[in-house]
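Here the structure comes first, spelled out in structure tokens, and everything after it is commentary.
Rule-based calculations on the coordinates, nothing more; no lab input. What you see is a predicted model; the values in this text were computed from it and never measured. Note: ideal-geometry Cβ built from the backbone for every residue, glycine included; neighbour counts use all protein chains shown.
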Amino acid sequence: AQRVTQPEKLLSVFKGAPVELKCNYSYSGSPELFWYVQYSRQRLQLLLRHISRESIKGFTADLNKGETSFHLKKPFAQEEDSAMYYCALETSGSRLTFGEGTQLTVNP
Amino acid sequence: DAGITQSPRYKITETGRQVTLMCHQTWSHSYMFWYRQDLGHGLRLIYYSAAADITDKGEVPDGYVVSRSKTENFPLTLESATRSQTSVYFCASKDRRNTEAFFGQGTRLTVV
């Protein structure tokens, strides 16, 4: 069965510091992975998807099939990055399986 | 307004009552989903639909019923609400595989 694990429930960094949000997955098929973000009092929205290999708001994520990981990284965190981040795996029927989420706080 | 909307935004109901959460999208997306968000569990899929009149169970379907007679609507019904169903419920829609899922604002349901 598919599974997404985000080992850190809470992550706190200082402004300007690098940040890495970890995501590991298990899936027998070819993985399609996403990062979604939920800012305070806003709806969940897509941050980036692995297939696009893009950088959004300074964030990048690389799919590592050998380690079954899709960690989200940003070299210099900003206060506006404070939010809940969810890693998600798309499986058959376009269903998304989400991890438990990581609450990121960027301190001034 | 274009987009995906949920109603109500907040609901308090009593144990044993039936309650329906509404979800409406204006894009004619094929896929629609219902998730519940709970601390420590992230978002868990309750039910999903690939098209009108096609629905299937997700990870946590017990106690819930869905229907999809029209492409744009995907109501979620709690047949007999229990305290364990107190949660924030999110509806989402997407077009096809590998595309972005769009989420509603959420419905905060409290069962007392």
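Calculate, in whole percent, how much of the Cα-Cα pair population of chain B lies beyond 19 Å. For chain B, the fraction of Cα-Cα distances above 19 Å is 39 percent.
Which whole-number percentage describes the relative contact order of chain B, with Cα contacts under 8 Å and a sequence gap of 6 or more?
Working: 288 pairs, mean separation 39.1, N = 112.
Worked out over chain B, it gives 35 percent.
Note on A:Lys73: lysines with a C-alpha under 24 Å away, same-chain residues under 8 apart excluded, are A:Lys9, A:Lys15, A:Lys22, A:Lys57, A:Lys65.
In the calculated pair-distance distribution of chain A, the portion above 23 angstrom amounts to 21 percent of the Cα-Cα pairs. Taking every alpha-carbon pair under 8 Å whose residues sit at least 6 apart, region B:50-112 reaches a relative contact order of 25 percent.
Its convex hull of Cα atoms gives the protein assembly as shown a direction-averaged projected area, equal to a quarter of the hull surface, of 12.1 nm². Computed from the Cβ-Cβ distance with R0 of 25 Å, the FRET efficiency linking B:Glu100 to B:Glu59 stands at 0.75. This model, with +1 at the C-beta of Lys and Arg and -1 at the C-beta of Asp and Glu, gives the protein assembly as shown a dipole about its Cα centre of some 160 debye.
Work out how much length A:Ser30 to A:Ala17 would gain on full extension: take 0.36 nm times their residue separation and subtract the Cα-Cα distance, in nm to one decimal. Present the calculation step by step, with values, prior to reporting the outcome.
Working: separation 13, 0.36 × 13 = 4.68 nm, distance 3.33 nm.
Difference between extended and current length: 1.3 nm.
As a proxy for reagent exposure, B:Phe74, B:Phe103 were ordered by neighbouring Cβ count within 10 angstrom, fewest first; the result is B:Phe103, B:Phe74. By the count of neighbouring beta-carbon atoms within 10 Å, fewest first, A:Ser92, B:Ser93 end up ordered A:Ser92, B:Ser93. A viscosity of 0.692 mPa s and a temperature of 37 °C, combined with the Kirkwood radius over C-alpha pairs in the Stokes-Einstein formula, give region A:46-108 a diffusion coefficient of 253 µm²/s.
For the residues B:Arg44, B:Arg83, what sequence is obtained by ranking on other C-beta atoms within 10 Å, fewest first?
If I rank by nearby Cβ atoms, fewest first, I get B:Arg83, B:Arg44.
For B:Lys70, the lysines whose Cα comes closer than 18 Å to its Cα, not counting residues fewer than 8 places off in the same chain, are B:Lys94.
Here region A:24-96 is treated with +1 on each Lys and Arg Cβ and -1 on each Asp and Glu Cβ, and its dipole about the Cα centre works out to around 140 debye. Ordering A:Asn64, A:Phe98, A:Gln78 by Cα displacement along the dipole of chain A toward the positive end leaves A:Phe98 in first place; charges were set at the Cβ atoms of Lys, Arg (+1) and Asp, Glu (-1).
Report the relative contact order of region A:1-73, percent, no decimals, based on alpha-carbon pairs under 8 angstrom and at least 6 residues apart.
Details: 108 pairs, mean separation 22.3, N = 73.
Value for region A:1-73: 31 percent.
If you place +1 on the Cβ of every Lys and Arg, -1 on the Cβ of every Asp and Glu, and leave all else neutral, what size is the dipole of chain B about its Cα centre, to the nearest 20 Debye? The partial results should precede the final answer.
Values: 13 positive and 11 negative charges, 28 e Å.
Here the size comes out at about 140 debye.
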